[in-house]
Amino acid sequence: MKAGTHALLRPSLLVLALVLALLPLAMPNNYVIDVAVRIALAAIAAIGLNLLMGFAGQISIGHAAFVAIGAYGSGIVTVRFGWPPLTAIGGAALGAAVVAWLIAKPILRLKGHSLTMATLGLGVIVNIVLINEVDWTGGPDGMPVPPLVVGGFAFAKVLHWYTLAAVLLWLSVLLSLNLYESPGGRALRGLNGSEVAARVMGVDVARFKVRAFVLSAVFAAVSGSLTAHYLGFISPSLAAFTHSVELATMVVLGGMASTFGAVLGAALLTALPQLLGGLHGYEMVFFGLVLMLTMMFLPKGLVPSIALKLRRKA
């Protein structure tokens, strides 16, 4: 059996495809489908960030900047220059990749807290630019974004969006799992364990870090562009510090270096605020408590910790 066919027939991917295909049958109304779309779009960004944090071990708390670059890049070129949305999404992803490539080398020379602060600075810069460039971005009030139309077909219904988001999520998981098992993925995991050891084994540490950073930025930008066209409106809060922390928490909560963990983390962090809306302001307290207990009793994250317990019982 060819390697590509074997990858597509991986049991976990088949189960995911089945779940995504059958899920609309279990969702009672458009509100629940809307939450599912938001989860899928957030999961795409989380899977990308997991490539950088989980695989390569480089902590970023400024990745919402690339989500915002994707969203505003796509929004600005469709509104101001009349680009077709699909071309705009590709252009925004390319723009985010260029920005990530330009800043990757100087930023990724840093380690630990210094790297974390540098990525935080990136998010702050993008947020301030979006607020101050009123003529282009609408400033603090944000800007409208036209709906997604591809080949004359308008994604007007929430079920259309669910189908698109589910397909893209499945492809994102496929890409991530293939990368994890590829020579490049093994090199990233090697430098995550010890950069010195990886360098001794012949891994070009700087080049692999830059690749992971750029690839994670592209995932975030695509997620941002699609979110912009789905919601029809964007604001500078996309690049806010809290959004960056939320993305990083999705990866940590689900389990670092676990692709399905990133998906689970995105699902929990997107759905829980909706489920806890009736707590009248205390939902974030409950949410913080869940995070604390998870880190205390499942420090590797949900998916790796549960998988480890199941293996020990087997």
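Points worth noting:
- The range 225-236 - residue that is over 16 Å from the mean Cα position of the chain (by Cα) and under 14 Å from Ala65 (Cα atoms) and, of those, surrounded by the most Cβ atoms within 10 Å (Cβ to Cβ): Ile234
- Leu49 being without any contact (Cβ under 8 Å) to a residue 60 or more places away in the chain and either among the aliphatic types (A, V, I, L, M) or not in a helix (DSSP H, G or I) (or both): no
- Some residue of the range 2-10 being assigned to a helix (DSSP H, G or I) and surrounded by 19 or more Cβ atoms within 10 Å (Cβ to Cβ): no
- Flag for Glu133 being open to solvent by 20 Å² or more (accessible area, probe 1.4 Å), acidic (Asp, Glu) and more than 22 Å from the chain's Cα centre (by Cα): yes
- Of the helices (runs of 4 or more DSSP H) contained entirely in the range 82-201, those carrying at least 1 residues that are β-branched (Val, Ile, Thr) fall at 85-108, 112-132, 134-137, 158-181, 195-200.
- Scan the range 154-212 for residues that are of a type in the set (Gly, Ala, Ser), open to solvent by less than 40 Å² (accessible area, probe 1.4 Å) and in contact (Cβ under 8 Å) with a residue 24 or more places away in the chain and the total you get is 7.
- Considering residues of the range 101-114 that are touching a helix residue (DSSP H, G or I) at 6+ places or on another chain (Cβ under 7 Å) and at pLDDT below 85 only, the residue most open to solvent (accessible area, probe 1.4 Å): Lys105
- Note on the range 290-314: among residues that are of a type in the set (A, V, I, L, M, F, W, C) and not in a helix (DSSP H, G or I), the one that is surrounded by the most Cβ atoms within 10 Å (Cβ to Cβ) is Leu298.
The values are calculated or read from the model by the stated rules, or taken from the named source; none is laboratory data. Values in this document were obtained by computation on a predicted structure and should not be read as measured data. For neighbour counting, all protein chains shown are included, and Cβ atoms are generated from backbone atoms with ideal geometry for every residue, glycine included. In case anyone asks, the SASA skips ligands and DNA or RNA and just uses the protein heavy atoms, side chains included. Shrake-Rupley method; radii C 1.70, N 1.55, O 1.52, S 1.80 Å.
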